[in-house]
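**Q** My questions will all concern the structure given below.
The values are calculated or read from the model by the stated rules, or taken from the named source; none is laboratory data. Note that this is a predicted model, so its numbers are computed, not measured. Cβ placement follows ideal geometry from the backbone for every residue including glycine, while neighbour counts extend to all protein chains displayed.
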2 protein chains.
Amino acid sequence: MSNYPVWYEHIHTCKQTGARLGRVHTPHGTIDTPAFMPVGTQASVKGMSPDEVASMGAGIILSNTYHLWMRPGSELVAKAGGLHRFMNWKGSVLTDSGGFQVFSLARPKDIVEEGVHFRSHLDGSKHLLTPEKSIKIQNDLGADIIMAFDECCPYPSTHDYSARSLERTTRWLDRCIDSHKRPDDQALFGIIQGNMYGDLRAESTKQITSRELPGYAIGGLSVGEPANLMYEMLDVVTPLMPEDKPRYLMGVGTPDYLIEGSIRGIDMFDCVLPTRMGRHGTVLTSHGRKIIRDKQYAESFEPMDDNCDCYACKNFTSAYIRHLLKAREMFGQRLCTWHNIHFLLNLMEKVREAIAEDCLGDFRDSFYKEYYGNR
Amino acid sequence: MSNYPVWYEHIHTCKQTGARLGRVHTPHGTIDTPAFMPVGTQASVKGMSPDEVASMGAGIILSNTYHLWMRPGSELVAKAGGLHRFMNWKGSVLTDSGGFQVFSLARPKDIVEEGVHFRSHLDGSKHLLTPEKSIKIQNDLGADIIMAFDECCPYPSTHDYSARSLERTTRWLDRCIDSHKRPDDQALFGIIQGNMYGDLRAESTKQITSRELPGYAIGGLSVGEPANLMYEMLDVVTPLMPEDKPRYLMGVGTPDYLIEGSIRGIDMFDCVLPTRMGRHGTVLTSHGRKIIRDKQYAESFEPMDDNCDCYACKNFTSAYIRHLLKAREMFGQRLCTWHNIHFLLNLMEKVREAIAEDCLGDFRDSFYKEYYGNR
């Protein structure tokens with residue numbers, strides 16, 4: 001069906017919103033899109049077993065190149081037979097480039113044309129990450145989808161810096177393409193940058209999508225800018241993206257961003273939100289966020305979300321889970337994480353149903369009404 | 001079958017060793033004995049779901065009165081419908097008296113005839129635990145088996161102190177019996193003390209078992225004494241215990257103690273060993289203990305125990321689990337805990353099979369040979 005190891009099958013476009021219903025095919029299965037990808041930074045979706053993550057309907061997870069490079073090392077993962085076998089995950093995997101992490105560890109002068117100099121967050125040791133090195137590590141890890149090494153410049157950045165940065169991102173993409181050793185079983189996605197400037201986003205989209213690749217991502221959004229500015233950028237970018245390739249909006253995972261992103265034609269999303277919030281005892285529910293650690297749930301012998309049929313909500317009360325969180329029991333973090341991942345996967349399932357029925361706009365309105373209440 | 005909510009059914013006595021094969025019947029099911037009880041201190045077997053614990057074959061877990069009293073409070077658990085419902089555990093539960101914990105928080109002068117004065121480990125607040133209070137809390141928690149409030153005197157203690165202490169333990173038992181409000185659905189077990197003195201152990205056994213109770217426990221062992229001294233005490237006590245009641249050896253859970261205890265006629269054991277060791281990255285295997293965190297397992301792409309069919313060993317390598325432990329991923333602790341609990345439950349299953357076949361002595365010898373190797 002395609003020359004690429006990963007390819008997009010379009011099924012339907014929502015008549016009400018233009019959102020895309022489709023499937024992304026990878027060497028490890030098929031993902032219904034729009035899809036949310038849970039994050040397993042260190043080859044584990046924090047607290048969860050791979051079986052639990054799969055049982056909730058996740059077909060793909062994201063793992064982090066920087067973290068696995070630092071520990072246990074990509075050669076070790078390669079020896080184990082690659083990331084899928086190392087962590088015994090039977091679905092698809094996407095690895096990021098490591099760029100996002102090393103930029104946060106580097107000073108401005110450490111970012112040079114060759115790559116980024118930085119110090120490890122584990123032991124302070126000095127390293128250099130380049131496009132070639134990132135691809136080498138990702139070839140070792142063996143994910144189905146690998147990401148180009150790009151520069152995600154901070155928000156806010158000047159127009160001038162953002163323009164130079166997006167040009168470098170394109171040059172780095174070409175180096176990634178040239179050094180990619182497994183194009184037959186790993187799909188390299190390019191990343192569109194351009195900060196919060198519409199003209200630069202358009203230019204980056206033009207440059208990145210001019211390279212024939214199996215998929216394209218939008219990076220550098222959801223980095224602290226107001227929601228409307230992100231939507232404005234998406235409105236510039238997605239109409240310029242090819243329709244026959246998957247579109248991935250990086251680092252996005254709040255319920256509203258998932259819905260608004262889908263409406264703007266995005267197929268894939270990832271975010272640490274459900275796992276990180278879960279570990280800290282906050283859950284996403286149909287009635288909005290709940291801080292289950294709070295005193296108000298001490299004697300709440302009801303599920304965390306009365307509209308949820310996840311393992312946590314079917315089997316345990318808010319009072320019990322609050323007790324576990326207060327007592328620092330791992331199982332409390334597990335249950336909140338479980339619920340949050342289920343919540344977002346379930347939300348995406350409803351989004352896909354709404355697209356199929358041409359009513360994603362109506363779904364958004366009724367979801368927001370319930371989620372935000374009368375605020 | 002019995003006037004008690006919990007009763008012992010004897011099936012077979014091992015001709016080679018005298019070990020007892022039986023069943024303990026409780027309001028929440030039947031437990032094949034000799035049995036190991038995993039510990040869920042704060043209403044959670046650390047890291048595990050109740051379903052996982054049950055799936056491994058555990059029919060009964062232990063929970064701690066002191067911890068639940070301090071947090072979330074026994075009234076809250078009672079409001080939730082009792083401990084079983086609070087934590088959604090469908091099997092049997094045993095609660096300790098809280099004595100062991102408060103003795104470790106008290107100074108000698110805080111131990112008086114009325115009870116024990118101590119300060120909470122959470123906030124330093126002052127409390128008094130008495131036999132009546134312990135039973136009240138345990139009545140609130142609603143476990144199938146509840147334990148008498150006893151004095152577990154430290155090892156070593158003088159003969160004189162140990163003698164006075166065991167007399168007090170008997171007086172406290174009578175106060176427990178008098179204040180027990182739910183004898184129809186909660187079985188109160190008395191606890192035999194006497195430190196490491198054979199004559200005192202015999203005297204305590206005589207006193208405690210002279211009270212008509214559904215079961216009896218042996219406390220104050222495995223508190224730092226040499227193994228032989230513990231076996232010596234068991235050899236004094238168990239022949240004096242009634243044959244038609246369950247016998248519980250408290251706080252014991254190393255593989256050798258479980259086997260030797262079974263040989264000496266014990267039916268029930270509990271210990272935090274498998275969960276605590278698992279959290280710290282050490283596992284019990286058929287070839288002895290392994291510290292999976294160690295460098296030597298960095299590239300071990302084999303299961304932690306090649307003779308094990310637990311979830312961790314069937315699905316993950318030592319190298320992966322070591323990576324998770326080094327990276328402080330919860331899932332690594334979960335997998336080691338899972339394996340350890342499975343290991344002890346499986347060991348007890350083999351012990352029961354060996355009793356049925358009159359060859360527990362042979363089993364012990366071959367187990368030790370494999371477990372300890374040539375050391």
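**Q** For segment B:215-257, which residues satisfy the criterion of being of a type in the set (A, V, I, L, M, F, W, C) and not in a helix (DSSP H, G or I)?
**A** B:217, B:218, B:221, B:223, B:241, B:249, B:250, B:252
**Q** While we're looking at this one, here's another question. At pLDDT 95 or above, part of a helix (DSSP H, G or I) and hydroxyl-bearing (Ser, Thr, Tyr) - does that describe any residue in segment A:104-120?
**A** No - not one qualifying residue is present in segment A:104-120.
**Q** Something else about it: Give all pairs with beta carbons closer than 6 Å in which a residue from segment B:307-333 that is free of Cβ contacts under 8 Å to residues at least 40 places away in the same chain and of a type in the set (Ser, Thr, Tyr) meets a residue that is surrounded by 20 or more Cβ atoms within 10 Å (Cβ to Cβ) and not in a helix (DSSP H, G or I); count only pairs at least 6 apart in sequence or on separate chains.
**A** As it stands, the answer is B:318/B:292; B:318/B:304, since those pairs meet every condition given.
**Q** Continuing with this model, one more query. Any idea which of (1) in contact (Cβ under 8 Å) with a residue 24 or more places away in the chain; (2) surrounded by fewer than 18 Cβ atoms within 10 Å (Cβ to Cβ); (3) outside any loop (DSSP other than H, G, I, E, B) is the one residue B:52 doesn't satisfy?
**A** (2)
**Q** Based on this model, can you work out whether residue B:188 counts as within 16 Å of residue B:6 (Cβ to Cβ) and modelled with pLDDT of 95 or more?
**A** yes
**Q** Shifting gears a bit: Among the residues of segment A:28-48, which ones are within 14 Å of another protein chain (Cβ to nearest Cβ), part of a loop (DSSP other than H, G, I, E, B) and under 13 Å from the mean Cα position of the chain (by Cα)?
**A** Answer for segment A:28-48, where residues must be within 14 Å of another protein chain (Cβ to nearest Cβ), part of a loop (DSSP other than H, G, I, E, B) and under 13 Å from the mean Cα position of the chain (by Cα): A:38, A:40, A:41, A:45.
**Q** Out of the residues in segment B:119-159 that are under 19 Å from residue B:92 (Cα atoms) and polar (S, T, N, Q), which is surrounded by the most Cβ atoms within 10 Å (Cβ to Cβ)?
**A** B:138
**Q** Look at segment A:57-81 and say how many of its residues are farther than 17 Å from residue A:251 by Cα, within 12 Å of chain B (Cβ to nearest Cβ) and assigned to a loop (DSSP other than H, G, I, E, B).
**A** 5
**Q** Counting only residues that are closer than 20 Å to residue B:255 by Cα and more than 9 Å from chain A (Cβ to nearest Cβ), how many does segment B:304-336 have?
**A** 10
**Q** If residue A:123 satisfies every condition in (1) among the charged types (D, E, K, R); (2) within 14 Å of another protein chain (Cβ to nearest Cβ); (3) in contact with a Ser or Thr (Cβ under 9 Å, 6 or more places away or on another chain) but one, which is the exception?
**A** Condition (3) is where residue A:123 drops out.
**Q** In the list B:18, B:57, which residue meets the criterion of being within 21 Å of the chain's Cα centre (by Cα) and under 30 Å from residue B:258 (Cβ atoms)? Walk me through it before giving the result.
**A** Working: B:18 fails: within 21 Å of the chain's Cα centre (by Cα).
Matching residue, one of B:18, B:57: B:57.
**Q** Do we have any residue at all in segment B:239-257 that's under 25 Å from residue B:93 (Cα atoms), among the small types (Gly, Ala, Ser) and either touching a Ser or Thr at 6+ places or on another chain (Cβ under 9 Å) or surrounded by fewer than 23 Cβ atoms within 10 Å (Cβ to Cβ) (or both)?
**A** yes
**Q** Considering only residues of segment B:167-196 that are part of a loop (DSSP other than H, G, I, E, B) and touching a Ser or Thr at 6+ places or on another chain (Cβ under 6 Å), which is nearest to residue B:156 (Cα to Cα)?
**A** B:195
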